[in-house]
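J.: Mind having a look at this structure? Questions to follow.
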Amino acid sequence: MWMTSNSLVNMCRPAAMGSALAAAVLTVGCQATRSQHVAPDAPRLAQVIPEPRPPNEIRSNQVSTVELQSVVVRPLEPPLERLAGPEFLQTATEPLFIEVRTQDALGNLSGSSSPIIILNTRKLPNTWATGSNTLVAFLPDRSGIKATNTVAVMWVGRQATMTKKPLSFRAEDVGK
């Protein structure tokens, strides 16, 4: 019994209270320090990846016009089906592709703007660069083809880069 009394009395003394308080703070501090360590097999925080943005129509390194060497319009061929995409192929009734060769290389295509084919004043948004001076675009059918057609190229957002001497083709030339 004396032991119990003595230990309670000792705890109530100011010196004993300070020791108990210091022990409690030390225990809490150690637990807080332990929780800051991450186990090696713990899941990592998600990495924030910025969403892709559409090309900025104002910025382009291209300042000269895009002059053309040749234009060909044919039915879609198997190697180009992948570029056209499955969604396009499902909705297209008579798919065609337009291939344009430029006189000069297109240069760096990694900028914020890109070249686009224009058929009879209609911009074809699904234009792809397939070589240093080759562009390809896709048409779902022949409805956009007139008796006589003009083809030009320009960099998106840079009207000053539009082809000065557009090439032309006739409807009967398609697929030849």
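All of the numbers you see were taken from the coordinates with simple rules; none came from a lab. The structure presented is a predicted model; accordingly, all values stated were derived computationally and were not measured. Glycine also receives a Cβ, built like all others from the backbone with ideal geometry; neighbour counts cover every protein chain displayed.
J.: Quote the relative contact order of the stretch 68-173 in percent (integer), defining contacts as alpha-carbon pairs under 8 Å separated by 6+ residues. Display every interim value, and only then the final one.
T.: Numbers: 190 pairs, mean separation 31.3, N = 106.
Relative CO of the stretch 68-173 lands at 30 percent.
J.: Provide the FRET efficiency to the nearest 0.05 for the Leu83-Met162 pair, computing r from the beta carbons and using R0 = 41 Å.
T.: Result of the calculation: an efficiency of 0.95.
J.: Lys164: which aspartates and glutamates have alpha carbons under 20 Å from its alpha carbon, excluding same-chain residues fewer than 8 sequence positions away?
T.: Answer for Lys164, where 20 Å is the Cα cut-off: Glu67, Glu99, Asp104, listed by chain and number.
J.: Now for a separate question. Taking the simple approach of a point 7 Å from Cα along Cα-to-Cβ for both Thr91 and Ser143, what is their distance in nm?
T.: 1.1 nm
J.: If the cut-off is a Cα-Cα distance under 15 Å, which aspartates and glutamates reach Lys146, setting aside same-chain residues fewer than 8 apart in sequence?
T.: Glu172, Asp173
J.: Counting only other residues whose beta carbon sits under 12 Å from that of Gly144, what net charge do I get with K and R as +1, D and E as -1? Display every interim value, and only then the final one.
T.: Working: positive: Arg122, Lys123, Arg142, Lys146; negative: Glu94, Asp141.
Neighbourhood net charge equals +2.
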